[in-house]
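Notes for the one structure printed next.
The values are calculated or read from the model by the stated rules, or taken from the named source; none is laboratory data. Remember, predicted model here, so these are calculated numbers, not experimental data. In this analysis, Cβ positions are derived from the backbone assuming ideal geometry, glycine residues included, and neighbour counts consider all displayed protein chains.
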Amino acid sequence: MRTVSLYVHIPFCERRCPYCTFYHVPKTDRAMETRLVEGLIGEFRIAGADLGRQFQIPTVYFGGGTPSLLDHRSFEILIDEISPFLTAGSVEITVESNPEDVNERLMQNLSGIGVNRLSLGIQSMSSRAQNVLKRCTPRSNEQAVRIAKRYFQNISLDLLLGIPGGTARELEESLAAVDRFEPQHVSVYCLEPGGVIPPDTDDFFDRVDMERAADEYLLVCDRLRTRGFGHYEVSNFARSGFESRHNKVYWNGGEYLGIGPSAHSFIEGERYSNVPSIDQYLAEWPMFPRTVRRHEVRGETERRLEEIMLDLRTSVGTPLDRLKCNPRLVDELVDEDLASIVEERLVLTDRGYLVLNEIVHRLSGGPWAASA
Amino acid sequence: MGTSQERIRNFCIIAHIDHGKSTLADRFLERTRTIDQKQMRDQVLDTMDLERERGITIKSHPIRMDYVGGDGSEYVFNLIDTPGHVDFTYEVSRSLSACEGALLVVDAVQGVQAQTISNLYLAIENGLEIIPVINKIDIPIARVDFVTEQLVTLLGVRKDDVLRVSARDGLGIDELMEAIVARIPPPSGDPDGRLKALIFDSHFNVYKGAVVYVRVFDGVLRTEDSIRLLSNDRVFETMEVGYFRLKTAASDSLGPGEVGYVHTGIKSLRETKVGDTLTHDTRPCDKALSGFKEIKSMVFSGLYPMDADDYTNLRDALEKLQLNDSAFTFEPETSAALGFGFRCGFLGLLHVEVIQERLEREYSMGLITTMPSVKYRVVQKDGETVEIDNPARFPMGGDFERIEEPYVRTEIITPNDYVGAIMKLNQDKRGTFIEMDYLSVDRLRLRYEIPLAEILVDYYDKLKSVSKGYASLDYEFVGHRPGDLVRLDVALNGDPVDALSVIIHKDKAYHWGRELSERLREVIPRQLYDVAIQACVGNRVIARTNVKALRKNVTAKCYGGDITRKRKLLEKQKEGKKRMKMVGKVEVPQEAFLAVLKVDRSN
């Protein structure tokens, strides 16, 4: 049967993180949450009908914003609505959570309704760094992980690199904590601009030291590998068998339906994005998909560019025969230790991942790609 | 043939840049009601966007005006606008040959400039009647008496002959127009004689073919005449003749002394050369008018399309530009680094910029322009002389007798406060002092001979800067002289890039090489690999630096499957790469090829 993964966007945030450039709104009252849940269910029904109702959902991901702010009743209603479609026995349901929201009750509730994967944004274990990022204390992080581990056997921790003013010692603190916490999965992100909204303060990204972020990335890749994590995607590391099945759907070209404001979908080879405005979303979802969901038209060039980019993000890489560039370029990438060739596929090295965009430019054609 | 010859006045305006020539022309257009208030905008005659933006005139643009004189008679004024910049002297000489008189316009604050003097001499050589005019007398710091004195000395005229105007405020314009009637002689010429008309400019129109601008000397030129071009015996039938109003106005004929245009229907401007003589095919005149002196390109630069597929488009665009610009030359050349392109000849750096900008704006061409070079002469061991205008062809290994480079004689007029600084500048530029004389108590003229290559790049800017803007410059080519010259090459990751080579004096090579590699380091972006930049003379590396490899360019975070954001970011980055050229495995931005221009040569 056809499988379509589900992403649910919960845009609420308790407060603004200074580095965040993604769509979120402050949660004002219960009424707003009720209307959002109503909208999500309505959108899901319409989208489900469009899909002919003949599909299974192998993975669900509650992302945000901060899904952990959602009332338990809301989770119940949403899970009830989608449960008839869930792949029996093997579904992966992830919820993103802020460490300070983690308590026995929330954990109990989530695991009670079938959530089996928890993603915690701990970011750093240095109090200085957490202060710069306006995130919770390392102590809160520590406590959250301790509680979460009692309820979840599949936990992912987010780490941030390139934090302004960061030092090698701070990074060591975070890595030591990873050793202690023994998560199944780690996501590592460099602070980067380029989302839908500007950062909190104009100069925030000017203060990010890209050179140091690059050094940190290489160090973290190395360390996690020696600790037995597989580096299966640019930013993602997992113990064997604990790769995020949901995220792999994104990279591998599987279908996914995104519901909620600013959510993204990939259905039958076409991409769609929802309007990044909760007001417009709430006002207009009954008219879905006319105004809320926008078709992102892509030409052959765009599709090809995405294909190469997505392929190269993962440790599986891209088949050499798909690359139409000068073969000398591939040799150069290998010589410079930016890539290796594994079973007729080009796979990037850690250093290669760091300059992935640049490599995609070179490989994806255009006058600048051809080595003279 | 409409107008009695007696009532025609053909004149041009000679002025230094910014001395108010175009504004004065605007006043004439208003007073003669050639243009009404509604149509009036500044610098009406400067039709190219580029001209209006830069406030300079590049193409001469004639216009015919009807003037009712103080005596009640109607006169025809043909004003032929001329460019003021030193690069465009040839445009001036064309305009002069169509006129009987010239207004010499001098700024009341700045006084006479070197450039103005050289144009003035051109006009005097052409036998033109000169009317000296001081403009901008409305400005509080105007030095009217002082400038009058300058003009009296320069022209040997009486004080009263110098007219005082403010083109901006319209002061003194009526008197000036009366002076044009009174002082500039009407054209002579025999209406019954054999047709003799001079082409002084031309442009190409896609519908009408070559449109030539003519000044008739003898005979009458009519529509549907069978016309012969004396230089190549090409015969054509005139499709339309007419005058220049604000736009063109068709007429039955053009008689002696008249200035107008002819639609030739000829499909290429190459056959209708500026300076050629038009005559009737069946009743030709016996002798051609003396054209003006052939304009020689002094500065050479390679023009290459960013995208190799644009080669043919670039050639077509260059051909079209050349139609209107006989001083601009081009021929195909190839570069190992840049592929197929053209070696183009220009009058000077401003000319290079103008052509480059026109190609980019009017023809939407993405271009790489290589470092401008002059034309060197290599005297070989067997005594044979070879001219090279591309550093890539400079003979290596000293297998020649000597190398000669072009020299110019510069004439600098400056307040005496700046003489020391200017002499120092000229020394730095390898100049040889010739003479110095006083024009007035506090103003003097310096003459130097300087290699053309030295004044190409930043000489004029430096001169302006050391003299706080007061010194003015003119120069003319005096010949080739031997020089101790070497070729400086640049290698990126060990591969020489021919398009970055320059020919330079041996003593300057070291400094130049260091500065150049530093500039390149600044403009070449970080890329996948380290880029080693080396400057070499022969096999000797005289400077090296490198651009460190790019460390990080990745969009890591993926929020809820938003692949489009990542792709768009990639596309945005890619857009920036359109101004890059792949040279070997190095991405070199367009501006790198002109980085040499930013090198400070004199230190």
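Structure values in brief
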read-out: Hey, A:Val347 farther than 26 Å from A:Ser187 by Cα, surrounded by 17 or more Cβ atoms within 10 Å (Cβ to Cβ) and either at pLDDT below 85 or not assigned by TED's automatic domain parsing to the domain that holds A:Ser244 (or both) or not; value: no
read-out: Residues within the range A:241-269 that are more than 18 Å from A:Gly230 (Cα to Cα) and assigned to a loop (DSSP other than H, G, I, E, B), tallied; value: 9
read-out: Test: residue in the range A:36-49 that is of a type in the set (A, V, I, L, M), over 18 Å from A:Tyr272 (Cβ atoms) and within 13 Å of chain B (Cβ to nearest Cβ); value: no
read-out: One residue from B:Gly383, B:Gly345 being in a strand (DSSP E or B) and outside the structural domain of B:Ser118 (by TED's automatic domain parsing); value: B:Gly345
read-out: Meets criteria (farther than 21 Å from A:Cys190 by Cβ, within 11 Å of chain B (Cβ to nearest Cβ) and in a helix (DSSP H, G or I)) for A:Leu282; value: no
read-out: Members of the range B:386-419 found to be part of a loop (DSSP other than H, G, I, E, B), free of Cβ contacts under 8 Å to residues at least 40 places away in the same chain and of a type in the set (D, E, K, R), listed by number; value: B:Asp399, B:Glu401
read-out: Some residue of the range B:452-464 being closer than 23 Å to B:Val352 by Cβ, without any contact (Cβ under 8 Å) to a residue 60 or more places away in the chain and either of a type in the set (S, T, N, Q) or loosely packed, with under 13 Cβ neighbours inside 10 Å (or both); value: yes
read-out: Members of the range B:188-204 found to be of a type outside the set (Asp, Glu) and either free of Cβ contacts under 8 Å to residues at least 24 places away in the same chain or farther than 21 Å from B:Arg270 by Cβ (or both), listed by number; value: B:Ser188, B:Gly189, B:Pro191, B:Gly193, B:Arg194, B:Leu195, B:Lys196
read-out: Selected residue (criterion: surrounded by the fewest Cβ atoms within 10 Å (Cβ to Cβ)) from residues of the range B:355-380 that are aliphatic (A, V, I, L, M) and assigned to a strand (DSSP E or B); value: B:Val379
read-out: Test: residue in the range B:496-518 that is among the aliphatic types (A, V, I, L, M), away from chain A (no Cβ under 14 Å) and in contact with a Phe, Trp or Tyr (Cβ under 6 Å, 6 or more places away or on another chain); value: yes
read-out: Top-ranked residue of the range A:240-270 - restricted to ones that are within 9 Å of another protein chain (Cβ to nearest Cβ) and of a type in the set (S, T, N, Q), ranked as nearest to A:Gln153 (Cα to Cα); value: A:Asn247
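Results for (1) out of contact with any Asp or Glu (no Cβ under 7 Å at 6 or more places or on another chain); (2) within 16 Å of B:Ala453 (Cβ to Cβ); (3) outside the structural domain of B:Leu314 (by TED's automatic domain parsing), shown as yes or no for each residue.
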{"site": "B:Ser335", "(1), (2), (3)": "no, no, no"}
{"site": "B:Val354", "(1), (2), (3)": "yes, no, no"}
{"site": "B:Arg358", "(1), (2), (3)": "yes, no, no"}
{"site": "B:Tyr363", "(1), (2), (3)": "yes, no, no"}
{"site": "B:Asn390", "(1), (2), (3)": "no, yes, yes"}
{"site": "B:Gly397", "(1), (2), (3)": "yes, no, yes"}
{"site": "B:Phe400", "(1), (2), (3)": "yes, no, yes"}
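Yes/no matrix, rows are residues, columns are (1) modelled with pLDDT under 95; (2) within 22 Å of the chain's Cα centre (by Cα); (3) among the charged types (D, E, K, R); (4) under 30 Å from A:Glu216 (Cβ atoms):
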position: A:Tyr19; (1), (2), (3), (4): yes, yes, no, yes
position: A:Tyr23; (1), (2), (3), (4): yes, yes, no, yes
position: A:Ala31; (1), (2), (3), (4): yes, no, no, no
position: A:Ala47; (1), (2), (3), (4): yes, no, no, no
position: A:Val60; (1), (2), (3), (4): no, yes, no, no
position: A:Val95; (1), (2), (3), (4): no, yes, no, yes
